[in-house]
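Structure record follows, encoded as structure tokens.
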Amino acid sequence: MNRNAGLLFSILLVLSVCIANAQPSLSITRPDGLKVIVVDAKYPLLKVLLPGESPSDKGIETEFPEHVTGLNQQSKQSEHLYLVSMGNANKRTMPAWQVTGNTISYKTDLDSAITMVASVTIEKDGLRYRYQLINRSGRSYKNLQAVTCVKLYSLFADTLLERTYVHHPQGFDLLASETPQRLTMGLQQWLPCRYLVSYTWPVNPNRVETVDGITRYNKSKKADKPFIATLSHDHKWIAATYTKETGNLWTNPERSCQHADPATDLNAGETKTLELKTFIIKGNLDEVLNLVNNEMRK
């Protein structure tokens with residue numbers, strides 16, 4: 001075999017391996033062009049692109065989920081059944097993905113205890129996330145969560161929380177309205193931090209505290225609607241993450257992420273479903289509020 005023939009053979013061999021290992025396209029698209037793409041199938045990560053955004057844009061990234069955690073009722077210890085940062089140390093089967101109509105889903109078994117079927121459905125006003133949790137073990141869990149981190153980049157990035165809102169009985173208010181000094185303190189002093197507002201949980205009496213080396217700011221009054229909303233830089237788009245019931249709403253401003261995490265108790269042999277939604281629309285805060293109110297009535 002001459003040199004050129006050998007080189008051609010090597011190229012064809014590499015291409016055949018790539019084709020054999022290639023996964024089918026895992027994406028869904030809304031009629032207006034909004035697109036959801038699976039960018040990491042092993043450690044489930046989604047990218048959401050607004051109409052006109054390029055695949056090279058960061059868009060909105062969603063850890064789907066970031067972790068699955070609950071209190072083991074037998075051991076009385078909190079357990080991470082899945083945690084993205086644990087990498088290969090996770091005890092689970094690899095996600096088995098499929099696309100059906102306007103839904104992307106995968107199935108995985110976590111720690112030989114819980115089968116999880118995770119799905120994201122694209123709807124006319126946003127994305128609906130569902131986690132079906134099937135407890136096949138003899139263990140029972142309290143306050144089990146599939147924590148979904150919706151990270152806003154590109155058009156929505158809001159490091160100083162100048163466009164991120166929650167709703168109180170008096171109306172909309174900036175999540176960080178009680179910390180005006182954030183606008184002048186400098187990023188090195190402001191970050192890293194978390195900003196939290198209670199929904200069903202009691203208001204934390206500490207306005208500022210440090211937990212695990214990270215500053216936490218706690219709003220002094222409860223939100224009366226379980227969602228957190230961020231306006232795009234041009235104020236034309238809104239991303240708002242909602243769930244029907246949650247203890248609190250919060251963000252990590254470094255990621256401009258949105259958290260509205262539901263929880264459930266899951267006894268041995270039970271099946272439960274956790275659900276949340278990220279509205280992504282062109283519109284204003286009042287329009288998002290109407291959408292949330294409609295969801296709350298269901």
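The values are calculated or read from the model by the stated rules, or taken from the named source; none is laboratory data. Source: prediction; values computed, not measured. Neighbour counts are summed over all protein chains in view; Cβ atoms, including those assigned to glycine, are modelled from backbone coordinates with ideal geometry. Ligands, DNA and RNA are stripped out before the accessible areas are found, and what is left, the full protein with its side chains, is counted by its heavy atoms. Shrake-Rupley method; radii C 1.70, N 1.55, O 1.52, S 1.80 Å.
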> How many of the residues in the stretch 64-99 are open to solvent by 50 Å² or more (accessible area, probe 1.4 Å) and part of a strand (DSSP E or B)?
Replying inline: 7
> Scanning the stretch 27-52 for residues that are in a loop (DSSP other than H, G, I, E, B) and within 16 Å of residue 126 (Cα to Cα), which turns out most open to solvent (accessible area, probe 1.4 Å)?
Replying inline: 31
>> Can you find, within the stretch 125-151, the residue that is most open to solvent (accessible area, probe 1.4 Å) among those that are farther than 19 Å from residue 62 by Cα and out of contact with any Gly (no Cβ under 7 Å at 6 or more places or on another chain)?
In response: 136
>> Would you confirm whether or not the stretch 100-122 contains a residue that is closer than 24 Å to residue 255 by Cα, part of a strand (DSSP E or B) and in contact with a His (Cβ under 6 Å, 6 or more places away or on another chain)?
In response: no
>> If I filter the stretch 112-123 for residues that are open to solvent by 20 Å² or more (accessible area, probe 1.4 Å) and farther than 18 Å from residue 242 by Cα, do I get at least one hit?
In response: yes
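Specify which of the listed residues (116, 86) is more than 25 Å from residue 34 (Cβ to Cβ) and within 17 Å of the chain's Cα centre (by Cα).
Numbers: 86 fails: within 17 Å of the chain's Cα centre (by Cα).
Answer to the check: 116.
How many residues are in contact (Cβ under 8 Å) with a residue 12 or more places away in the chain and either more than 24 Å from residue 246 (Cβ to Cβ) or open to solvent by 30 Å² or more (accessible area, probe 1.4 Å) (or both) when one looks only at the stretch 152-176?
Taking the stretch 152-176 first, the residues in contact (Cβ under 8 Å) with a residue 12 or more places away in the chain are 152-169, 172, 174-176.
Subset that is either more than 24 Å from residue 246 (Cβ to Cβ) or open to solvent by 30 Å² or more (accessible area, probe 1.4 Å) (or both): 153-155, 157, 159-160, 162, 165, 169, 172, 174.
Here the count works out to 11.
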> If you take the residues in the stretch 204-223 that are open to solvent by less than 50 Å² (accessible area, probe 1.4 Å) and not in a strand (DSSP E or B), which one is farthest from residue 34 (Cα to Cα)?
Replying inline: 204
